[in-house]
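Student: One structure follows; several queries about it will come next.
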Amino acid sequence: MHLTDDERRIQTGELGEPQRLALRVLVKLGEAYGAERLVEIRSAHLVASSYQIAGEAGIDIYTQLVEQGARVAVRTTSDPGSIDFSRWRDFKTPADYAARQLKIAELLDRMGVIPTWTCTPYTTFNVPRFGEHLGWSESSAVVFANSVIGARTNRLAAYVDLCAALVGRVPYFGLHMPERRRGEVLFELDPELSANFADHYFPGLGYLIGKLAGDRIPAILGVREASFDQLKAFGAAAAASGSVALYHMVGITPEARTLEEALGGHTPVERIPLGRQEIANVMAQMSTGQGGPVDVVGVGCPHASLDQMRRYAGLLHGKQVHPGVQLWICTNTVVEAMARTMGYVETIERAGAKLMVGTCHNDCPLGAWGFRRLVTDSGKFAYYTPTTVGTECIFASTEACIEAAITGRAERS
Ligand code: F3S
């Protein structure tokens, strides 16, 4: 692999042992994928900031790096941790577990990582621009950065993201290369579905397309309009049920102003028509349980935006969450602060719902709660929580989720 003079200085250890090791990992990764060079990145985002992911090995690695004087070389943010840093006792997190997460927070802080604790770093202090190269992990953030912003990052693994942060570079292969970003499989929505596309179809469609596309890049034709939050929900579901790290929505995302642009002038390897029946089928698959009493409701996956906080406050205004239900809204500290300023948090909390900040149902140990049935509007939660939280899952629209929290019951749609 060709290295620049600066990279050779890193390679010889002139800039320190952490950088030397990090570069070695990145070069090995690049060689495995046939990369001929590294590319400088504008930012990094770390997924092993969570104790659930990093574990004791992560604490050992971070401790050693800090002792060696490691500092990140580019703007670097942290994914959700395994605790709500100010309310972990309210969520019944064991004290020794919280202490381990707090230790990781201290070590990342000493390396210069910005403690955003969010899967939506682009709503805080890590906002990429079109065409920039990044070194990000966190599947939902990667797919958003690539697809909705048009920045360029592969889906890095835990610790490879830290290597990228330490040297400010990644190997140049995959989604960093313009010719590897074209749509490969074309999903065509039938006109009836296009004309009547409901809000909760976005995570449903993402879940379906993730399963069908696998690791191929999907192009979607027939979605007439989509909000920031709908694109966020779509991508997170596609990245969870499949390995989608980039999608093109024709007429909506920036590298798909036309169908021809989305496909890079090529013929798709497969065309898949989708209609109302396919959406109905996948919605049914996303619910693993039968209807009945509910004990936990999860919204805000990926972390809720300010618009979503306003929406939840509107739905909860003057209402009361059922005494047998925990309604937890996941978000980050930046959105929380603004939502509090705007009065949304007061409305939400007065109704008996809780904000879960800097973490989520999937990242926290929830065994002490004994939950049996979760209701969610998130395709990613629907994919993971039956395993991570061990509950049945009912997938529903945001309105139906809030209604379930109020009545204490949910039905399969
Ligand atoms: Fe974020 Fe947790 Fe969902 S990390 S994308 S809220 S599973």
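Since every read-out is calculated from the coordinates, none of them should be taken as a lab result. Quick caveat, the model's predicted, so the values are computed rather than measured. Cβ coordinates were reconstructed from backbone atoms using ideal geometry, including for glycine residues, and neighbour counts include every protein chain displayed.
Student: In bins 20 Å wide, starting from 0, what share of all Cα pairs of the chain does each bin hold, as a percent?
Tutor: 27, 56, 16, 0
Student: Further question on the same structure: Excluding same-chain residues fewer than 8 positions from LYS211, which lysines have a Cα within less than 22 Å of its Cα?
Tutor: Partners found: LYS232, LYS380.
Student: Let me have the relative contact order for the range 289-411, percent, based on Cα pairs under 8 Å that are six or more residues apart. Before the final figure, lay out the partial values.
Tutor: Values: 239 pairs, mean separation 47.1, N = 123.
Relative contact order of the range 289-411: 38 percent.
Student: Write out the cysteines belonging to the chain for which the nearest other cysteine Cβ is not under 4.7 Å, or none if no such cysteine exists.
Tutor: CYS119, CYS163, CYS301, CYS364, CYS393, CYS401, each lacking another Cys Cβ under 4.7 Å.
Student: When only alpha-carbon atoms count, how far does the range 182-285 stretch along each of its three principal axes, as whole angstroms with the largest first?
Tutor: The principal-axis extents, from largest down, are 35, 26, 24 Å.
Student: Expressed as cubic angstrom per residue, what is the convex hull volume of the alpha carbon set of the range 289-411? Intermediate values should be presented prior to the final figure.
Tutor: On the way: hull volume 10.6 nm³, N = 123.
Spread over its residues, the Cα hull of the range 289-411 gives 86 Å³ apiece.
Student: To one decimal place, what orientation-averaged projected area in nm² is obtained for the convex hull of the Cα set of the range 59-135? Walk me through the numbers on the way to the answer.
Tutor: Values: hull surface 23.7 nm².
Mean projected area of the Cα convex hull: 5.9 nm².
Student: Now for a separate question. Hey, what do the phi angles of the range 246-259 turn into as Karplus ³J(HN,Hα) couplings, whole Hz, using 6.51/-1.76/1.60 and θ = phi - 60°, x for Gly and Pro?
Tutor: In residue order, the calculated couplings are 7, 9, 10, 10, 4, x, 10, 8, x, 9, 9, 5, 9, 4 Hz.
Student: Once the convex hull of the C-alpha atoms of the range 145-242 is built, how many Å³ does it hold per residue, rounded to a whole number?
Tutor: On the way: hull volume 10.4 nm³, N = 98.
Cα-based convex hull of the range 145-242, divided per residue, equals 106 Å³.
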